[in-house]
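Following: one structure in structure tokens, then a few remarks.
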Amino acid sequence: MSISSILGMAGTLIGLVRALPQLLRLLRSREALGVSVDTAATSAIVGFGWAAYGILTEQPFVTLATGASAVVFLLIACFALQFRRQPAKIRIAPVWFFVLVTGFVFAKEAGLGMILPISILVSNTPQLYLAFKEEDLTDLSLGTWLFSVSDGLVWGGYSILEHDYSIMIFGLFQLSTSTMIVLLKLMNKRKIQNRFI
């Protein structure tokens, strides 16, 4: 088994579980404090876009990991809306859906390959902004964002071995934005703990 196959399997496993901590946290707390519904909806759209890219480029690891993750992010968006996040906050998701469909219609997998790498930056930015702005990030799952950091590392390694620059750029953006979200969550947690001391 090649190293890229091992990384692809690891990336698939991370993709299968990456968003589950956030979904479980929402279901347990029945609150969505600190959770960006726009990031969840955009992540679902981007995940389905990557799944299509994986099919078109014959990369089953990419298809399985991103398709499964997309379904979970779609559930997160639905539950975040149910737990008092406002539908009006979903601003980027419909625009990005249009961008991905347009890229696919005009250039098939090459169009997706050009647009999808920056999609993670687009989808994670609302969460990054909300994590910076909101006072209480209690319901934002640290586990999901730690998995997202791992996701960026693993797919970055995979992309180097497979010479897939689209996935390489995705890995870089996933790693950097997810790391910033993790740091903001940890700083928020410390700030809240210090209030009670």
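The values are calculated or read from the model by the stated rules, or taken from the named source; none is laboratory data. Just so you know, these numbers come straight off a predicted model, no measurement behind them. Heads up, the Cβs are rebuilt from the backbone with ideal geometry, glycines too, and the neighbour counts pull from every protein chain shown.
Before we move on, is F106 more than 26 Å from S29 (Cβ to Cβ), more than 13 Å from the chain's Cα centre (by Cα), among the aromatic types (F, W, Y) and modelled with pLDDT of 95 or more? Outline the logic, then answer.
Values: more than 26 Å from S29 (Cβ to Cβ): yes; more than 13 Å from the chain's Cα centre (by Cα): yes; among the aromatic types (F, W, Y): yes; modelled with pLDDT of 95 or more: no.
No.
Can you name the number of the only condition in (1) modelled with pLDDT of 90 or more; (2) polar (S, T, N, Q); (3) under 14 Å from S166 (Cβ atoms) that S43 fails?
Going through the list (1) modelled with pLDDT of 90 or more; (2) polar (S, T, N, Q); (3) under 14 Å from S166 (Cβ atoms), S43 breaks only (3).
Look at the stretch 71-118 and say how many of its residues are touching a helix residue (DSSP H, G or I) at 6+ places or on another chain (Cβ under 7 Å) and either within 15 Å of S36 (Cα to Cα) or not in a helix (DSSP H, G or I) (or both).
Total meeting the criteria: 17.
Here are some conditions: (1) surrounded by fewer than 18 Cβ atoms within 10 Å (Cβ to Cβ); (2) touching a residue at least 40 places away in the same chain (Cβ under 8 Å). G15 meets all but one. Which one does it not meet?
Unmet condition: (1).
Inspect the stretch 146-164 for any residue being farther than 17 Å from I181 by Cβ, β-branched (V, I, T) and either in contact with a Ser or Thr (Cβ under 8 Å, 6 or more places away or on another chain) or surrounded by fewer than 21 Cβ atoms within 10 Å (Cβ to Cβ) (or both) and give the result as yes or no.
yes
Condition (residue is assigned to a loop (DSSP other than H, G, I, E, B) and of a type outside the set (K, R)) applied to the stretch 3-10: is it met by at least one residue? Before the answer, list the steps.
First, pick out the residues of the stretch 3-10 that are assigned to a loop (DSSP other than H, G, I, E, B): none.
Among the residues of the stretch 3-10, not one is assigned to a loop (DSSP other than H, G, I, E, B) and of a type outside the set (K, R), which makes the answer no.
Name the residue, out of S178, S166, that is in contact with a Leu (Cβ under 7 Å, 6 or more places away or on another chain), part of a helix (DSSP H, G or I) and hydroxyl-bearing (S, T, Y). It would help to see each step written out before you state the result.
On the way: S178 fails: in contact with a Leu (Cβ under 7 Å, 6 or more places away or on another chain).
Unique residue meeting the criteria: S166.
Out of curiosity, is L146 within 27 Å of I3 (Cβ to Cβ) and free of Cβ contacts under 8 Å to residues at least 40 places away in the same chain?
Working: within 27 Å of I3 (Cβ to Cβ): yes; free of Cβ contacts under 8 Å to residues at least 40 places away in the same chain: yes.
Against the criterion (within 27 Å of I3 (Cβ to Cβ) and free of Cβ contacts under 8 Å to residues at least 40 places away in the same chain), L146 qualifies.
Do any residues in the stretch 23-47 that are within 17 Å of A88 (Cα to Cα) and touching a residue at least 60 places away in the same chain (Cβ under 8 Å) have Cβ atoms under 7 Å from those of residues that are of a type in the set (K, R) and in a loop (DSSP other than H, G, I, E, B), where the two are at least six apart or on different chains, and which pairs are they?
From residues that are within 17 Å of A88 (Cα to Cα) and touching a residue at least 60 places away in the same chain (Cβ under 8 Å), the pairs are A32/R84; A32/R85; V35/R85; D38/R91.
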